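Structure first, then comments.
The values are calculated or read from the model by the stated rules, or taken from the named source; none is laboratory data. Keep in mind the model is a prediction, meaning the values are calculated, not measured. A quick note on method: Cβ atoms are made from the backbone with ideal geometry, for glycine too, and the neighbour counts reach across all protein chains shown.
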Amino acid sequence: MATNALSADKLLSDPILGQLSAIQLSKLLPHIETRVISAGAYLYQTGDAARTVYLIQRGTIRLECASGRFVTRNEGYAGEEALLGIDTHTDAAIAVEDSNVLAIPAVALAGIAEISRSLRELFFKSYASRYDDPGNAATSQIPATLTGDATLLAIAGWLQAIVWPVAVYYIGPAIGLSDAATDFLAIISVTVCMWLFGLVPEYVPPLFAALAVILLDVAPPEQALSGFRSESFFICLSIFGIGALMVASGVTYRFSLWVLSRVPSTSLGYSLSLFGLGTLLSPIIPSVVGRITIISPFLVDLVEISKAGRKDVFANRLIFSLTAGVSIFVPLFLTASVPNLVVYGLLDPQTQFAFDWLSWFNAASVFGLLVLVSYFAVSVVLFRGARQFSIPRQTILEQRRILGPIARLEWIAILAVSAMTLGILTEALHGIDVPWVALAIFVTLMLFGSLQREALRNQIDWPVLVYIGAIVGWVPIAASTGLDTFIVSHLGWLGAYMRSDFPLFILMLSAMILLVRLALPTGVTVVLFATALFPLAIAQGTSLWLIGFVILAVADTFIFPYQSSYFLKLRNDLAARGMAEVCDESRIITANIVMLALRIGAIYGSLVYWQKLDLI
């Protein structure tokens, strides 16, 4: 405890790092190591890889350049070139006497230095002041990154993007599709190819589709771009904004430290804490992306502090735990997602009266218990062998000490989340839809200056918002082209199985939903299937809630990264901190496939319970 306290005090009193905010210093502290250098030993030698900046805590360090010139320091820094884009040390550092230094990884400082240009300038001045002639200092050079030729996979993807629409134009008229529906289906086929083969960033294909729809006159611009004025878009924008305030204010980080100080300091403890946070927010924040926005800084900090390498099993267990925590209980709570609220709105008045928030939870409780068991099983089996990592309790306590008392902006963030929660829980009283409650809070925060321009620019994932806005417009386009009518007309045979063989109906419905989810996002898939199947359910006397629940339970899953906007956001957050290679997508995809099979099994496992509730 004394050593950590000494390190924190040294940072607070340092002329350079002491200028950082309390949150930045607190986040930096776990990355710092105290090293003892014996007299005459090298801290580093000329030509060694420059990856660490050293703050002299006690003793004297001699810095020698190749020409023989030298300078001694008993305070200040050594190794500043690690932050200046210089790959190797330009001099050697030798301990004149037994010395202590604080070793700060350059990657931990790089993000802060990018935000604060003055910090980088101060480190450059420290580096340039070593010798009498600043011209001896090496200049910063950033090696150019060359892009390779297109891989065979990319070539195959572009070929598929040409072949599929041609096939659609041959098959469409033969099966009775209108010209507009054929055009739209061909556009969708190109979009799917771009996603499946990762030819472009995930938010580009929907924009391409919107442009193609407009240029080919499949639908008017106001319809093609209707997603940008939809409730889904505005609730995501508002949740992103509230999440940005929580991150910028530091309340999320403070809460993360509070959780870390109470969970077991083990790999399992950290995984459960992430899972628990996602579960806790599920009934409160009606957006999986919003929940990821709020919790992802906690995960990113854990992964960075643990110094995770490429495809690190420990880090991927954390990623799986977070994505599972924010998503697997979505069908369990009425207010857990926008598609849930959409399905509720499509129910007839009698069913809506029978399934309020508590009744919905009660009917879905067995399913929730089974998917919870599934999560534990997958986490243990597929992520076995994860290394152990722990953050010392004294380090966490020292981080909390640096933060000090709760600041004004943190209180505002807490009030914003409380208002959001209260608005959701009292929707029946005030009659204002959840998206507009969230937007009202978001606008209020901006009106009173609580959300600054930098927070809006850096904390809101605008590419994901573009992705959501561009793709939500597919529903009205499908309706205007007659594609949805074509789908409904070919599902009449499915209605008979609702009454005669419901287990087989679940299997067939799941297969169709998963096939459609290869092209369409969760919200669009839910709307299409609910619109198509609810009339059939009414004709067959089947519970609308049960059909809607099965649709939600299967549609709210993903296998490939492009199918999930919240996974894309989490991956982007890791990439923004230089940890793109940490994510083991093959392992995550395998876990998703297993969880999907177990989720469908949970639906079957709930049939007996639903029979007792007279839903079947």
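Of note:
- Matching entry among L536, L568, L574 (being at pLDDT below 85 and within 19 Å of V342 (Cα to Cα)): L536
- None of V554, V550, V524 is surrounded by 22 or more Cβ atoms within 10 Å (Cβ to Cβ), of a type in the set (A, V, I, L, M, F, W, C) and at pLDDT below 80 except V524.
- Test: residue in the range 92-99 that is modelled with pLDDT under 85 and assigned to a strand (DSSP E or B): no
- Any hit, the range 501-519, residues being closer than 17 Å to N340 by Cα and at pLDDT 80 or above: yes
- The range 33-88 - residue that is acidic (D, E) and under 14 Å from A128 (Cα atoms) and, of those, surrounded by the most Cβ atoms within 10 Å (Cβ to Cβ): E80
- Extreme residue, nearest to R291 (Cα to Cα), among residues of the range 259-275 that are among the hydrophobic types (A, V, I, L, M, F, W, C) and modelled with pLDDT under 80: V259
- Meets criteria (surrounded by fewer than 16 Cβ atoms within 10 Å (Cβ to Cβ), on the phi > 0 side of the Ramachandran plot, in contact (Cβ under 8 Å) with a residue 60 or more places away in the chain and not aliphatic (A, V, I, L, M)) for G541: no
- Some residue of the range 332-350 being buried (at least 18 other Cβ atoms within 10 Å of the Cβ), farther than 30 Å from A537 by Cα and modelled with pLDDT of 90 or more: no
- Meets criteria (over 30 Å from F486 (Cβ atoms), touching a helix residue (DSSP H, G or I) at 6+ places or on another chain (Cβ under 9 Å) and among the hydroxyl-bearing types (S, T, Y)) for Y203: no
- G385 in contact with a Lys or Arg (Cβ under 9 Å, 6 or more places away or on another chain), at pLDDT 75 or above and either not hydrophobic (A, V, I, L, M, F, W, C) or not assigned by TED's automatic domain parsing to the domain that holds S189 (or both): no
- Condition met for G482 (on the phi > 0 side of the Ramachandran plot and touching a Ser or Thr at 6+ places or on another chain (Cβ under 7 Å)): yes
- The range 402-411 - residue that is out of contact with any helix residue (DSSP H, G or I) (no Cβ under 7 Å at 6 or more places or on another chain) and in a helix (DSSP H, G or I) and, of those, farthest from L257 (Cα to Cα): R408
- Of the residues examined, V516 is not one that is under 24 Å from Q223 (Cβ atoms), crowded, with 20+ Cβ neighbours inside 10 Å, out of contact with any His (no Cβ under 7 Å at 6 or more places or on another chain) and not polar (S, T, N, Q).
- When the range 30-44 is filtered for residues that are over 34 Å from the mean Cα position of the chain (by Cα) and either in a strand (DSSP E or B) or closer than 19 Å to P105 by Cβ (or both), the ones remaining, listed by number, are R35, V36, I37, Y42, L43, Y44.
- Looking at the range 262-330, the helices (runs of 4 or more DSSP H) lying wholly inside it that each contain 1 or more residues that are among the charged types (D, E, K, R) and more than 14 Å from the chain's Cα centre (by Cα) sit at 288-305, 313-327.
- Within the range 169-189, the set of residues being of a type outside the set (G, A, S), crowded, with 19+ Cβ neighbours inside 10 Å and in a helix (DSSP H, G or I) comprises T182, D183, F184, L185, I187, I188.
- For the range 495-509, residues that are under 19 Å from P535 (Cβ atoms) and not in a helix (DSSP H, G or I) total 0.
- Flag for P221 being over 29 Å from the mean Cα position of the chain (by Cα) and within 12 Å of I477 (Cβ to Cβ): yes
- Of everything listed in (1) in a loop (DSSP other than H, G, I, E, B); (2) at pLDDT 80 or above, the single unmet condition for L159 is (1).
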